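Chemist: Mind having a look at this structure? Questions to follow.
The values are calculated or read from the model by the stated rules, or taken from the named source; none is laboratory data. Quantities reported herein were computed from a predicted structural model and do not represent experimental measurements. As a convention, Cβ positions derive from the backbone with ideal geometry for all residues, glycine included, and neighbour counts pool all protein chains shown.
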Amino acid sequence: MVKAGTKIEFKKVPESIPLELVKKFEEDPIFKTAFESLTPGRQRGYILYFSAPKQSKTKEARIEKCIGKIFNGEGLHDKYSQKKRNK
C-alpha cells in the first residue's frame, strides 16, 4: 500500500561518456567547456546519441555534426520543438 505524499528516491546513474567524446574534449578544451555549460538533460541527450552507434567512426561523425549546436547552447532536438511552437 502506498501512502499519500510519500516521496520516491530515484537513483541517479550517470551515463558513461563515449571514448570518442573524451578524445574530442582533450583535443578542444573550449568544446569541453561549451558541453559542460549545457543543462544536464541536454548533456545526457547528446551522450545517449553519441553512444548509440557501435562503430567509432559513426560516433565521431555524430560528434562533429553536433559541434555547432553545442557551441550555441542548443539541445539535440531544440530545433524540432521550436518549429512546433511557431506553428
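Chemist: Considering only residues that are farther than 13 Å from PHE31 by Cβ and of a type in the set (A, V, I, L, M, F, W, C), look in region 51-79 and name the one that is surrounded by the most Cβ atoms within 10 Å (Cβ to Cβ).
Modeler: Ranking the candidates gives LEU76 first.
Chemist: Something else about it: So for region 2-13 (the condition being modelled with pLDDT under 95 and either under 25 Å from ASP78 (Cα atoms) or surrounded by 10 or more Cβ atoms within 10 Å (Cβ to Cβ) (or both)), does at least one residue qualify?
Modeler: Scanning region 2-13, I find at least one residue that is modelled with pLDDT under 95 and either under 25 Å from ASP78 (Cα atoms) or surrounded by 10 or more Cβ atoms within 10 Å (Cβ to Cβ) (or both), so the answer is yes.
Chemist: If you don't mind, another one. Confirm whether LYS59 is farther than 17 Å from SER16 by Cα and either out of contact with any Cys (no Cβ under 6 Å at 6 or more places or on another chain) or free of Cβ contacts under 8 Å to residues at least 24 places away in the same chain (or both).
Modeler: Answer is no for this residue.
Chemist: Across region 55-87, which residue is modelled with the lowest pLDDT among those that are among the charged types (D, E, K, R) and not in a helix (DSSP H, G or I)?
Modeler: The residue in question is LYS87.
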